[in-house]
Amino acid sequence: MYIIMRKILYIILFGAITFSTVSCSDFMNLNPTTQPSETTFWKTENDFNMALASIYGQLRSSDYYNALYALTDNLTDNSYDKNGHGNAQSMCRGEIDPSMGGYIPDLFSFAYASLTRINIFIKQVEESTFLSNELKQRFLSEGKFFRAYHYMWLYLYYGSVPVVTSPLSMDKQYVPKQEATEVYKQIMQDYDAAIANLPDVNYAQSGGHITKETAKAFKAKLLLQHAYTKGIPNKEELKSVLGLLESIKGYSLDTEYSNLFLSTTQESSKEIMFSIKNLAPTSCTGLDMYYTNWLHACPLRNLVDEFELKGEGDWKGSVQAQAINEAVLNGLDADAAEKERAKLFENRDKRLKATIFHSMKPFPNIRYIAGETDFTGFGVYKYLQVPTTGDLRDGSVSDQDMIQMRYGYVLLMIAEVENEINGPTSKVYNAINQIRLRAGQKELPLNLTQEQMRNKIRHEWRVETAMEGLHYLEMKRWHTLGEIINIKDPKFVDYKPQFKEYFYLWPLPQAEIDKSGGILVQNPDYK
């Protein structure tokens, strides 16, 4: 009951409350008419709380942060989208075009619709004559965190974009792009302002609000990405990242990995630093159906093979792996294939079973409705909620919270940064071994070289965070996205990914360029 009541409180706070100053149609939605609303809104503290709630609530309305959090894994060597949601199939095939629909225009427009609300909110807070200084400080710090947050995604995916930090007039709906360096500078300014004034409490104690330590972790996430240029890290930049990461306190790894992804245990986790809150039927996702019957993300065999043997040791090349009958595994006899496929999950890192299911049977004792095909033979288990009776959950009851930041990410960042600066020190071993021991894996052997440790860290990034929407940015940071063209899947033989160097930045939506009358300029190499 305690967990349910806390969730209800979160949903009330984060409900998608629409305050009357915002319209969400095209591109930036830079400045809906504000005159009428200024006479009816922004008059009480509750008005500001409602406006802030709508900023949080918008996160739940987007696939990118909520319902299909693993979507970018479909653009990596981790998975494939059987249904092509958001044009993921076309993007995987290298058919990225400024005029295409789906993720590329949707993420762009969603971010700017959110920024419109945020800029109006910040302006009204700054101009308020009745809010206390303490309230103003809290509202401004949360508003600036989310402005940094949305610009972070725009920066990471598009690079150079328009920077708007205040509501614009109705006759000035489009502004030119800023250089990527200026976008990054603005993000850092907002993150710093937020960190300076956000409350220094644990996320579980915050009522679902962003906290100082969480903001530090998000800033570190962007600093880490920025420190790499075509896969080569700048050690001086990484030093500032390390200091920030080591200042984060108040969190620890959950004792059980799978608890992170179950709605019944998420609220008590000491690891989760920020998540998108859901509670059925008030607020829910279609996640359980998306990842089972609809197969919006089919894990590739390449990912399955990445998980180690139980305890330690590479799976690939092992005696157990060599004993797999590939012809049966990928043959037409479904029952025989299922039995052979089950062998892949025996004596393996337990994160494999916590992340992936096989043969369209996530819960063998529960009725399910199989899709038209299982493509790769695998589906996403992580985030599925275990039903007790009846069918798989559908969109009316999927209420798991979608993790945006957790302490496991912080430890992985510490390990990566320290290894790039100083090599495999005890600090690196301590951070990475915490992750491994929680998963039931043995500590890494001593005396690894820096390169060997780098490979181990990248392995842990991949298996620890698989299908959590991080791997695309991991590969982008390490400049390895081009390697997906070498990935083949033994069952899904039509999987033929393509990649071009300029895909490291997505194009700006052509429709927005056209509507801007030439003010917006397309990213290089896109026509």
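A short reminder: the numbers here are calculations on the coordinates, not readings from a lab. These numbers were taken from a predicted model, which means no experiment stands behind them. Note that each Cβ is placed from the backbone with ideal geometry, even for glycine, and that neighbours are counted across all protein chains shown.
Quick check on segment 192-253: what are the equivalent-ellipsoid semi-axes from the Cα gyration tensor, as sqrt(5λ), descending, whole Å?
Semi-axes from the Cα gyration tensor: 25, 11, 10 Å.
Roughly speaking, what is the stretch gain from Phe345 to Val175, that is 0.36 nm per residue apart minus the C-alpha to C-alpha distance, in nm to one decimal?
Using 0.36 nm per residue and subtracting the Cα-Cα distance, I get 55.9 nm.
For a 18 Å ceiling on Cα separation, which of these pairs sit above it: Lys476/Lys500; Lys427/Lys456; Lys185/Lys527? Please list the in-between numbers first.
Working: Lys476/Lys500 13 Å; Lys427/Lys456 15 Å; Lys185/Lys527 28 Å.
Exceeds cut-off: Lys185/Lys527.
Can you tell which of Asn330, Ile55, Gln89 lies farthest toward the positive end of the dipole of the chain, using +1 and -1 charges on the Cβ of basic and acidic side chains (Lys, Arg; Asp, Glu)?
Ile55
For each of Thr181, Thr116, count neighbouring Cβ atoms within 10 Å of the residue's Cβ, then give the residues from fewest to most.
Least to most surrounded, the residues fall as Thr181, Thr116.
Below 8 Å, C-alpha to C-alpha, sequence gap of six or more: please give me the relative contact order for the chain in percent.
Computed over the chain, the figure is 20 percent.
Is the C-alpha gyration tensor of segment 412-499 telling us rounded, prolate or oblate? Criteria: a/c under 1.5 is rounded; beyond that, a/b larger than b/c is prolate, otherwise oblate.
Working: a/c = 2.34, a/b = 1.83, b/c = 1.28.
Prolate, since a/c reaches 1.5 and a/b exceeds b/c.
Angle between the Cα long axis of helix 407-422 and the longest principal axis of the chain, 0 to 90 degrees, nearest 10?
80 degrees
What is the packing order of peptides 407-415, 84-92, taking the mean over residues of other C-beta atoms within 10 Å and listing the highest first? Provide the component values of the computation, followed by the final result.
Working: 407-415: 24.1, 84-92: 20.0.
Descending packing order for the listed peptides: 407-415, 84-92.
Taking only DSSP H segments of four or more residues, each worth -39500 (n - 2.57), what value at 222 nm results for the chain once the sum is divided by all its residues, to the nearest 500 deg cm²/dmol?
-13000 deg cm²/dmol
Against the longest principal axis of the chain, how steep is helix 426-438, in degrees 0 to 90 to the nearest 10, with axes from Cα atoms?
The angle comes out near 70 degrees.
Let's test the formula: R0 of 25 Å, r as the Cβ-Cβ distance of Ser132 and Asp192. What FRET efficiency results, to the nearest 0.05? Before the final figure, lay out the partial values.
Numbers: r = 23 Å, r/R0 = 0.93.
For R0 = 25 Å, the calculated efficiency reads 0.60.
Which of the chymotrypsin sites (Phe, Trp or Tyr not before Pro) found in segment 110-214 are in a DSSP loop and have at most 15 neighbouring Cβ atoms, other than their own, within 10 Å?
Phe130
Name the trypsin sites (Lys or Arg not before Pro) in segment 165-204 that are in a loop by DSSP and that have at most 11 other C-beta atoms within 10 Å, would you?
Details: sites: Lys172, Lys177, Lys185; in loops: Lys172, Lys177.
Sparse-neighbourhood loop trypsin sites (Lys or Arg not before Pro): Lys172.
Which is the longest part of the chain that has none of the GluC sites (Glu not before Pro) sitting in a DSSP loop with at most 14 other Cβ atoms within 10 Å?
Maximal segment without exposed cleavage sites: 1-94.
Determine one quarter of the surface area of the Cα convex hull of segment 114-160, which equals its mean projected area, and express it in nm² to one decimal.
Directional mean of the projected Cα hull area for segment 114-160 stands at 3.3 nm².
Scale the Cα Rg of the chain by the rule-of-thumb value 2.2 N^0.38 Å and send over the ratio, two decimals.
Ratio of Cα Rg to 2.2 N^0.38 Å: 0.97.
Sort 288-294, 358-364 by the packing proxy (mean of other Cβ within 10 Å over each peptide's residues), most packed first. Intermediate values should be presented prior to the final figure.
On the way: 288-294: 22.1, 358-364: 17.7.
Listed from highest to lowest mean packing, they are 288-294, 358-364.
If the cut-off is 17 Å between C-alpha atoms, which lysines fall inside it for Lys496, apart from same-chain ones fewer than 8 positions away?
Result set, ordered by chain and number: Lys82, Lys488.
With 18 Å as the cut-off, how large is the P(r) tail for segment 83-151, expressed as percent of Cα-Cα pairs? It would help to have the intermediate numbers written out before the result.
Numbers: 1269 of 2346 pairs.
Above the 18 Å cut-off, segment 83-151 has 54 percent of its Cα pairs.
On average, how much area does the Cα convex hull of segment 109-241 cover when viewed from any direction, in nm²?
Seen from a random direction, the Cα hull of segment 109-241 projects 9.5 nm² on average.
Quick one: if the Förster radius is 35 Å, what FRET efficiency do Glu95 and Glu182 give, using the C-beta to C-beta distance and rounding to 0.05?
The pair Glu95/Glu182 has a calculated efficiency of 0.65.
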